[in-house]
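A.B. asks: Okay, handing you the structure first.
The values are calculated or read from the model by the stated rules, or taken from the named source; none is laboratory data. This structure is a prediction, so every number in the text was calculated from the model and none was measured. Cβ sites come from the backbone with ideal geometry, for glycine too, and all protein chains shown count toward neighbours.
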Amino acid sequence: MKNPRIEPFVDQIIHGDSRLELSKLPEGSVDMIVTSPPYFGQRDYGDDAQIGIEKSVEDYLDNLAAIFTECYRVLKKEGTLWLNLGDKFLNGQLCGLPWRVAIRLQDQINFILRSDIIWHKPNAMPSSVKNRPTTDHEYIFLFAKSAKYYYDADAIRQAHVTFSEKSRMKGGRNHFGKANSTPEKGKNGGNSNLHDARWDQAFHPKGRNRRTVWEISLSKCREAHFAVFPEKLVERCILAGSKEGDIVLDPFLGSGTTALVASRLGRHFVGIDCSEKYCAMAKVRTENVQKVLSL
């Protein structure tokens, strides 16, 4: 850990207002941020410092912008922010909150938006609405602080589809290993490897680059009687955005998923939440993981 000023905060779950607690962290001290702020108007946690109970959408956006301004300050130059946020219907209209927050972070704070990822929830709650589709997705935004940032594509690659039974290409596996078998003659007209039946050379041996639709089920933990940040989702972000020994920050820690996944993957964490109840819950969950790792 090159910055000794961050050491008192490392592997700690901090109870307090993120706006205040983030200001105590030294500049450029965390390697990445993974977080899911409270959604607007969805749940009252009974704390005056909480985000999401503002009187207006604009106040909500202002408060989030203030917190992410501090996040930008404490993030290292090569660091990334992975932000999950759901939307809200008000007066019969979808607010578009994830994108409104994303644009604020771009225009007001200077974050670089590198990707919008669709988190598809196959076990999303059913809905009784009859005048629109049932929502079964949320957004995850990948932001960078600078043009050159850390991203480990190999850590989250997925299996190739082109030569598998799942291929939807005309002819499927029948193209592989046959001269002049490439179906997209115009698209790949200048690629001699493909047209000499060497498709295998055009594909990474560790798998294809991760796509932007992630199908991950909602999950629960025994201590919380509601859906929590899925561990598989957080794991994918942390693997892509950090190395072992790095520091992962979550300024809206909630029940502690980011902290426990970071610990399990050999990273350090800094977790902040305004709810004393959830901080206690997060400590129990994280301590249980650390006990298992120490065996």
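A.B. asks: What number goes with the only condition from (1) in a helix (DSSP H, G or I); (2) touching a strand residue (DSSP E or B) at 6+ places or on another chain (Cβ under 6 Å); (3) in contact (Cβ under 8 Å) with a residue 40 or more places away in the chain that L142 does not pass?
C.D. replies: (1)
Yes/no matrix, rows are residues, columns are (1) of a type outside the set (A, V, I, L, M, F, W, C); (2) touching a helix residue (DSSP H, G or I) at 6+ places or on another chain (Cβ under 6 Å):
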site: V34; (1), (2): no, yes
site: D44; (1), (2): yes, no
site: I51; (1), (2): no, yes
site: V57; (1), (2): no, no
site: D62; (1), (2): yes, no
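A.B. asks: If you go through segment 237-284 one residue at a time, how many are within 28 Å of R43 (Cα to Cα), crowded, with 22+ Cβ neighbours inside 10 Å and either outside the structural domain of V10 (by TED's automatic domain parsing) or of a type in the set (D, E, K, R) (or both)?
C.D. replies: 2
A.B. asks: Another question about this same structure. Any idea how many residues of segment 48-77 are among the acidic types (D, E) and buried (at least 16 other Cβ atoms within 10 Å of the Cβ)? Can you show your working first?
C.D. replies: Applying the first criterion (among the acidic types (D, E)) to segment 48-77 yields 48, 54, 58-59, 62, 70.
From the residues that got through so far, the ones that are buried (at least 16 other Cβ atoms within 10 Å of the Cβ) too are 54, 70.
The number of residues fulfilling the criteria is 2.
A.B. asks: What number goes with the only condition from (1) within 19 Å of the chain's Cα centre (by Cα); (2) under 22 Å from E7 (Cα atoms) that L85 does not pass?
C.D. replies: (2)
A.B. asks: Could you tell me how many of the residues in segment 114-144 are surrounded by fewer than 16 Cβ atoms within 10 Å (Cβ to Cβ) and closer than 23 Å to A66 by Cα?
C.D. replies: Qualifying residue count for the region: 3.
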